[in-house]
Amino acid sequence: MFCAHFAADRCRTCSLIEVPANQRLTRIERELAANIEHALGGRSPEEVFEAPITSPDSGFRNTAKMAVGGTTSEPTLGILDEDFAGIDLSDCPLYSPVIHRALEAIPAVIKAAQIPPYRVRARKGELKYVIVTEGDAGQLAIRFVLRTDSALPRLKEKLPRLLEAVPDIAVISANINPDHTAIIEGPTEIHLYGEHSLPVTQGDVTLLPGPQSFLQTNSAVAGELYRTVRQWIADTAAAHPTAAAGPNSSAHPTAPLTVWDLYCGVGGFALHAALASPKVRVRAAELNPEAVQRAREAARRLAREHPEVEGRIEFTAEDAFTWAREQTEPADLLIVNPPRRGLGKPMSQWIQNSEIATVIYSSCNPQTLAADLENMPAYRAETVRIVDMFPHSPHAEVLTRLKRL
């Protein structure tokens, strides 16, 4: 992928853009194999690692999180340099033409609404970020991250101009983040236009993320990630024992495979798990109540398309670790998809002391994955797959199937 911004030294976010993908992924795999050697059980990486899930070279990111710089009359959407001056990246090749069109139209609306960009050093101004997400059929969700709500009347007044320029917009909201912090979003979300969620198909399921929901930013790769987990669960279900013969055997001819999905978000793994086999019963936990609401909506939608999953998926809005410790019957298979900090010692040790036979660990941070596996010596990595969720960078998602010894 050629990037004029990288070539001109304006942006170095894609730090490995000049490294061929196969070399980059081989390096990531080699480093990961060394870090989790203790979990390989004496087997070579060639015996454990499957072929990576690869990504398109450009146009793959479904979400653009653009820092707003410049001035009210000439705003920029992109990044801030070391002096906090705006560098415009509205034509960044990581995004699709649909997102590019939105990024081209938004500065005129900012100017018309007279919303001053937030100035980091002065801690003044209003507009901090613009976030654009692309869903199915090129539909878009637009979020304006503001320091206060003082500019909202002017923004609302100019929204028809934005909708006329970009007719594919399905959702517009404002996020209020009053704090001077590197964290992009604040706690308050204000709906301004359209729907409350954006349909985004990843793999075999249509997800319905809301403005504050987590969504994998590479839909093509996320789809293969979810399909891989679906197949792993189908394999486990096929080997799962049938129920013993008895008076209730006609009602339950097979023993259910109980799957827990912790940190389930909007339901990507849980919904694919339910599709894997009619044996599967899914129980999922997530702290974010908005994400759980969206997951339940997606489950109802999935059940209309696949009636066989009806009644086999349960979502709970609760801290995942707290929920797991409260359960009296262990899972047969556990899916964990923690944030970058990983599971942490208390939870990984809890898994170590559990009776769970199979753990599928989706990690966005190989370093914390390795640390967590150190606390789980009762498990061996049966299969590992590098997932190229973040091309042109040293980062990668890692999918690991662990079996209890």
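Derivation of every value follows stated rules applied to the coordinates shown; laboratory data play no part. Quantities reported herein were computed from a predicted structural model and do not represent experimental measurements. No Cβ is skipped: glycine too gets one built from the backbone with ideal geometry, and neighbour counts run over all protein chains shown.
Each part gets one Cα centre, and for region 117-147 versus region 20-75 those centres are 26 Å apart.
For region 63-199, the relative contact order works out to 20 percent when only alpha carbon pairs closer than 8 Å and six or more residues apart are counted.
The GluC sites (Glu not before Pro) of region 165-235 meeting both criteria, a DSSP state outside H, G, I, E and B (loop) and at most 16 other C-beta atoms within 10 angstrom of the site's C-beta, are GLU195.
Applying the criteria of a DSSP loop state and at most 12 other Cβ atoms within 10 Å to the trypsin sites (Lys or Arg not before Pro) of region 308-340 yields ARG340.
Among beta bridges from DSSP that stay inside the chain, the antiparallel ones total about 60%. Among beta bridges identified by DSSP and lying wholly in region 285-405, the antiparallel ones come to about 70 percent. Within region 63-199, antiparallel bridges make up roughly 75 percent of the DSSP beta bridges whose residues both belong there. Modelled label positions at GLU164 and TYR193, each set 7 Å beyond Cα in the direction of Cβ, lie 1.2 nm from each other. Note down the relative contact order for the chain as a percent, whole number, built from C-alpha pairs under 8 angstrom at least six residues apart. Relative contact order for the chain comes out at 15 percent. Length gained on full extension, ASP149 to HIS306, computed as 0.36 nm times the residue gap minus the Cα-Cα distance: 52.2 nm. Shown here: Kirkwood radius over Cα pairs in Å, derived from the displayed model; of the candidates [x] 30.5; [y] 22.7; [z] 24.5, it corresponds to [y]. For the set LYS124/LYS345; LYS279/LYS403; LYS128/LYS156; LYS124/LYS158, the pairs lying more than 29 angstrom apart at their alpha carbons are LYS124/LYS345.
Relative intensity of region 38-91 on a log10 scale, I(q)/I(0) at q = 0.22, 0.30, 0.32 Å⁻¹, equals -0.86, -1.11, -1.16, per a Debye sum over C-alpha point scatterers of equal strength in the absence of solvent.
Per-residue packing, averaged as other Cβ atoms within 10 Å, sorts the ranges 370-378, 77-85 into the order 370-378, 77-85, beginning with the highest. Relative contact order, whole percent, for region 117-184 stands at 33, derived from Cα pairs under 8 Å and 6 or more residues apart. In this simple spin-label approximation, THR316 and LYS124 carry label points 7 Å from Cα along the Cα→Cβ vector, and these lie 5.2 nm apart. The phi-based Karplus calculation (6.51 cos²θ - 1.76 cosθ + 1.60; θ = phi - 60°) puts the 3J(HN,Hα) values of region 214-221 at 7, 9, 4, 8, 10, 5, 5, 6 Hz, whole numbers, x for Gly and Pro. When +1 charges are put on Lys and Arg Cβ atoms and -1 charges on Asp and Glu Cβ atoms, the dipole computed for the chain relative to its Cα centre reaches about 480 debye.
Loop-located chymotrypsin sites (Phe, Trp or Tyr not before Pro) in region 1-54 (DSSP state not H, G, I, E or B) with no more than 12 neighbouring Cβ atoms inside 10 Å: PHE2.
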